[in-house]
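The structure appears below as structure tokens.
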Amino acid sequence: GENVEQHPSTLSVQEGDSAVIKCTYSDSASNYFPWYKQELGKGPQLIIDIRSNVGEKKDQRIAVTLNKTAKHFSLHITETQPEDSAVYFCAASYNFGNEKLTFGTGTRLTIIP
Amino acid sequence: ETGVTQSPTHLIKTRGQQVTLRCSSQSGHNTVSWYQQALGQGPQFIFQYYREEENGRGNFPPRFSGLQFPNYSSELNVNALELDDSALYLCASSRTSGLRDTQYFGPGTRLTVL
């Protein structure tokens, strides 16, 4: 089955700086890669996703890049703000998300004011 | 907010008991997936329901079972509770249509087994 590894487990950045979180996946059949943000006491919230036929996707301060050959994808957050502090999870899925999501272990991002 | 609701928000049970958790999917969504999230870990897939039938199952024992109703809402049942079942149980709904179908999560039910 699919295995997703995520690094780092914790990340602290100064407000206004950029943050990068990296994930690798094992199954080349995976074709859908969402990123979720989870705040304390809440369920995961989708922030951005990418399909395997796209190399990069951007939404305002958030971008995701995908390298299918190396089987890794990354989340980039620019101009970080205190409200970006949360736990971020990457995930991988077959069939463009119609099937189960395999999650990474999470990254606790802390933005230092 | 995603429009996915779960009940109850918190639950305390003792070992050996049975529990039922409920999920109402987002409007227009016909697929419900359940995940277990232990403290400090990523969610783990339990199973998915589509058209009232189980459509994929993760590595969980048969004492984890589910239902999906005609209005697409769903239940997760866990029998013979064990201490390790203590976790946040998440429901995610999506619309299976042959295209990319993002899963949107509810707030979860926090289950504590004593």
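No lab work stands behind these numbers, since they all come straight from the coordinates. Treat the numbers as computed from the prediction; the structure is a model and nothing was measured. Here the Cβ positions follow ideal geometry from the backbone for every residue, glycine too, while neighbour counts run over all protein chains shown.
Overview of results
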read-out	value
Net dipole in debye of the protein assembly as shown [+1 Lys, Arg Cβ; -1 Asp, Glu Cβ; about Cα centre; nearest 20]	220
Intensity falloff of chain B expressed as log10 I(q)/I(0), Debye formula with alpha-carbon point scatterers, at q = 0.11, 0.14, 0.16, 0.19 Å⁻¹	-0.31, -0.51, -0.66, -0.94
From phi via Karplus (6.51, -1.76, 1.60), per-residue ³J(HN,Hα) for the stretch A:57-71 in Hz, x at Gly/Pro	9, 10, 9, 6, 8, 10, 9, 10, 10, 10, 10, 5, 4, 8, 6
Pairs beyond 26 Å (Cα-Cα), from A:Lys42/B:Lys13; A:Lys71/A:Lys100; A:Lys100/B:Lys13; A:Lys37/A:Lys58; A:Lys42/A:Lys71	A:Lys100/B:Lys13; A:Lys42/A:Lys71
Nitroxide proxy distance, nm - points 7 Å out along Cα→Cβ at A:Ser52 and B:Asn77	3.7
Segment B:Ser7-B:Glu54, extension gain: residue separation times 0.36 nm, minus the distance between their alpha carbons	14.8 nm
Under 5 Å, built H, 5+ apart or other chain: amide partners of A:Glu99	A:Tyr94
When the convex hull of its Cα atoms is projected in every direction, mean area for the stretch A:6-65 (nm²)	5.2
Distance in nm between pseudo-label sites at A:Lys71 and A:Asp17 (7 Å out along the Cβ direction from Cα)	3.2
The stretch A:12-46-the stretch B:1-68 distance, computed between alpha-carbon centres (Å)	22
Tail beyond 25 Å, pair distance distribution of the protein assembly as shown (Cα, percent)	40
Nearest-20 debye value, the stretch B:54-114 charge dipole, Cβ charges on Lys, Arg, Asp, Glu	220
Where only C-alpha atoms are counted, convex hull volume of the stretch B:58-114 per residue in Å³	111
Cβ charges +1 (Lys, Arg) and -1 (Asp, Glu), total dipole of chain A, debye	240
Backbone N under 20 Å from the B:Gln18 label point (7 Å along Cα→Cβ), restricted to the stretch B:57-79	B:60-69, B:74-79
Using alpha carbons only: equivalent-ellipsoid semi-axes of the stretch B:6-62, gyration tensor based, whole Å	21, 15, 13
Cα convex hull of chain A - mean projected area over all directions, nm²	6.6
